């Protein structure tokens, strides 16, 4: 019988594939658990809620690979800040759960191409349309369609209850700049539009009055452009789903699952 | 006949009312125009688009007071960065328009109470329910109602096409923590919920996986809480609308208007 890999073995496999250096400090770390623990099963997820960890345990998995952190912030709380009540209760239940939690954020964004972006491209059915992968974006030439048609197709592909757009719904696009996660700021998107490398930006999340405002003003100057915002989770979940498939190839002797939370936000 | 105030006189009146020091550097500055120009009319607005400036001119106003900047970013472009094509065209048309543009952001947030927050409270019909104004939030005790009812009432009051919520739509709330603009991050909202000073956060804009994630996890631990996100513009426009009323009292001899853009984002 094949011996079970340890938590550290899985972490090493997940972080070996980087093509550029990690930021200092990186948020990628073992948040809960012991690196020497033999892994009985793996769950990947975007948001490691307590419920996801409990579901992992009931599936017999004792390692959760989450893309985001446990405590409602990109960076871990500093030592000086007091621990909140909800954070303390969640941490205590996690520590008692015998499930390790590793955060895989910076490393997977530094796969070549970015593992999160590549997962989103695949889920959108756009893998055949890639013009170029860059560090923080992907340029694509998709079949020409209206903003409304493209957004509606994306909603279906990603199973979204709603999607937000800026620009004219009937304007037709084919040159897409895709940016997963919180990469929707003008610093990243506007150069793609200004250079005409993309007419349509599709991003996860970004500040409300940067890219949407640029699109509005640029359209009034006759520039053909548009924007589709997917939501942060919606744009990064497919990358973590795809990671589960890759892990099941790397570790064929242990079960690997992908778990996804309900959306945390709804429209009224 | 009363002489017309200069642009600088109006700026001085707008910035005299601060109760705390401005950040260094402040974004509040005369972006277009000459401080010595006599002011024939004033327009206040949240987002000084070219269209708003052109409407101001056709109303005979030659000073626009905008809350946000002209070029799709909170901070002005640094001298080293090249000017984009849309920015250049907008700047050239603004410079040719004979309308001055002043940005009033940091100062109005430092009125006591915050002029943007106070305008939002008034527009929501909540002025009688204020428990306490703080630097970055307002605590209120509103009549008890469900999250759905409160959100629906807010939609009507602010004329919003949609509103986003986190939490159970039928949960009943009365203790509100209100944060206008981009103050929806967990650093500002979570302490209000942890301290039980508020059960329901109402904010303009914030990162998707901070406050909404906290609300989800806290509810699962039995904590009564919820969230309503208005949108950045929707949360700050009322403050700029209210400023127009204040300016028409300060400068009764010149016309003062409030102009508002259409939403830059829509839901599909």
Scoring the stretch A:115-232 by relative contact order with C-alpha pairs under 8 Å, at least six apart, yields a percentage of 25
Note the distances from residue B:161 to each other copy's matching label point, with points 7 Å along the Cα-to-beta-carbon direction, in nm, sorted shortest first.
-> 1.9
Degrees separating the helix B:85-95 axis from the principal Cα axis of chain B, which is the longest one | 60
Within the protein assembly as shown, what percent of beta bridges assigned by DSSP are antiparallel, to the nearest 5?
-> 45
Report, to the nearest 10°, how far helix A:147-158 tilts away from the longest principal axis of the Cα atoms in chain A, using its own Cα long axis and a range of 0 to 90°.
-> 10
In degrees between 0 and 90, to the nearest 10, how far off the longest principal axis of chain B does helix B:211-220 point, with axes built from Cα atoms?
-> 10
List the residue from chain B whose beta-carbon is nearest to the axis that rotates chain B onto chain A, together with that distance in whole Å.
-> B:267, 3
Cβ-vector label at 7 Å, residue A:92, separations to other copies in nm | 6.6
nm² value of the averaged projected area, convex hull over the Cα atoms of the stretch A:115-232 | 6.3
Whole-Å distance linking the alpha carbon centroid of the stretch A:128-187 with that of the stretch B:156-226 is 29
Output ordering of A:187-198, A:249-260 (per-residue mean of other Cβ within 10 Å, highest first) is A:187-198, A:249-260
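Taking the DSSP beta bridges in the stretch B:7-110 as the whole, what percent of them are antiparallel, to the nearest 5?
Among the beta bridges of the stretch B:7-110, antiparallel pairing accounts for roughly 20 percent.
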What are the distances, in nm and sorted shortest first, from the label point of residue A:16 to the label points of the same position in each other copy, with each label point placed 7 Å from Cα along the Cα-to-Cβ direction?
-> 7.1
What order do you get for A:109, A:19 when you list them from fewest to most C-beta neighbours inside 10 Å?
-> A:19, A:109
When only C-alpha pairs under 8 Å and at least 6 residues apart count, what is the relative contact order of chain A, in percent?
-> 21
Beta bridge orientation in chain A: antiparallel %, DSSP, nearest 5 = 45
Would you mind estimating how fast the stretch A:7-110 diffuses translationally, via Stokes-Einstein at 37 °C and 0.692 mPa s with the Kirkwood radius over Cα pairs, in µm²/s?
-> 232
When only C-alpha pairs under 8 Å and at least 6 residues apart count, what is the relative contact order of the stretch B:32-190, in percent?
-> 18
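Bear in mind these aren't lab numbers, they're just calculated from the coordinates by the rules spelled out. Please read all numbers here as calculations on a predicted model, not as lab measurements. Here Cβ is always computed from backbone atoms with ideal geometry, including for glycine, and neighbour counts include all displayed protein chains.
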